[in-house]
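Some notes on the structure that comes next.
Values in this text are rule-based calculations from the coordinates and carry no lab data. Quantities reported herein were computed from a predicted structural model and do not represent experimental measurements. Positions of Cβ are generated from backbone atoms using ideal geometry, with glycine treated the same way; all protein chains shown enter the neighbour counts.
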Amino acid sequence: FDESGGWAANARLTTRVADLGSVTVAGRTRSSGFGSLSQNINSRQLEDLHEVDVASSFELGKFFPEKAGVRLPLYYGYSKSVANPKYNPLEPDIKLEESLKRAENQNIRDSLKFISQDIITRKSINFTNVRIEPQREQTKTHLWDPENFSLSYSYNEIFKRNINTEYNLDKLYRGMFSYNYSSRPKLIEPFKSIKFMDKGPLRLIGDFNFYPLPAQISYRTDLTRRYHEIQTRNITNPDFILPATYEKDFLWNRFFDVRYDLTRTLKVDFSSSSTS
């Protein structure tokens, strides 16, 4: 509480769900007029604010046998902020509570309270670097090993509304697939054991060597889709509905890299990237 009668409160709770992950819940509330001693009345916030935030992370790979080596990390987040103004935004000199009392019926009161609120809601879900980890006893790597592959997916949504905006919706989707192969292939020297080929002109053939496989191959592709829609509220003439605004983007990126040591002295590097 402060000297003006305003008050504020904060709370936070964190808990673990066995060995699966953790959940954190935080809340905050503040009344209009709350502020520090150095602030005057005009510089303080003039709305009641209520906020809640939930953040959780889980390792869903725990549902699989340990030998499978599955890693499936999940993150989920949710937050909501609601601001109820002290004064009627359509009549700034009159308190909202008085405007609600003067309303002719319950429908008008509900409508006025609804459009006066300033609300922001955020949602997020992420699966990051879903993969299979290599076995401890595994010594050799192959091009087709499932450990070389990984997947990621994320979805984020933001919703807003206030006195000037009926809704402002922003959605972002992203998916990624990657392949990474890395090894130390053994150098093959087919004529090394033939003694008479290590002297004279035949030495050029005797020193012939090559690597059977590339040292590194990597490929990554990601798709990003964004959808944004805004509907503005016409507060001067409610009977005239303003057209909504849309924004849509779709982006596709691809990256490919190869490092191949053909011989002991001949090395090749190739890299490419493209965007659509």
In nm, the gap between the two label points placed 7 Å beyond Cα toward Cβ at THR221 and THR14 is 4.0
A chain fully extended from LEU242 to ASN156 at 0.36 nm per residue, minus the present Cα-Cα distance, gains in nm 28.3 nm
The extension gain from ARG254 to ASP269, computed as 0.36 nm times the residue separation minus the Cα-Cα distance, is 3.7 nm
So TYR76 and THR141, fully extended at 0.36 nm per residue minus their Cα-Cα distance, gain in nm 20.0 nm
For Rg and Dmax of the Cα atoms in Å the list reads (i) 25.8, 99; (ii) 18.6, 56; (iii) 31.3, 109; the calculated value is entry (iii)
Given a Förster distance of 45 Å, the FRET efficiency implied by the Cβ-Cβ spacing of ARG174 and LEU90, rounded to the nearest 0.05, works out to 0.70
Two pseudo-spin positions, 7 Å from Cα along C-beta at ARG184 and at ASP110, lie apart in nanometres by 7.2
Once phi for every residue in the range 53-70 is put through the Karplus expression 6.51 cos²θ - 1.76 cosθ + 1.60 (θ = phi - 60°), the whole-Hz ³J(HN,Hα) values, with Gly and Pro written as x, are 9, 10, 9, 9, 9, 9, 10, 6, x, 5, 6, 9, x, 4, 5, 5, x, 6
Across the range 60-168, qualifying lysine pairs (alpha carbons under 30 Å, at least 8 places apart or different chains) come out at 20
Quotient of Cα radius of gyration and Kirkwood radius for the range 47-179, i.e. Rg/Rh, equals 1.29
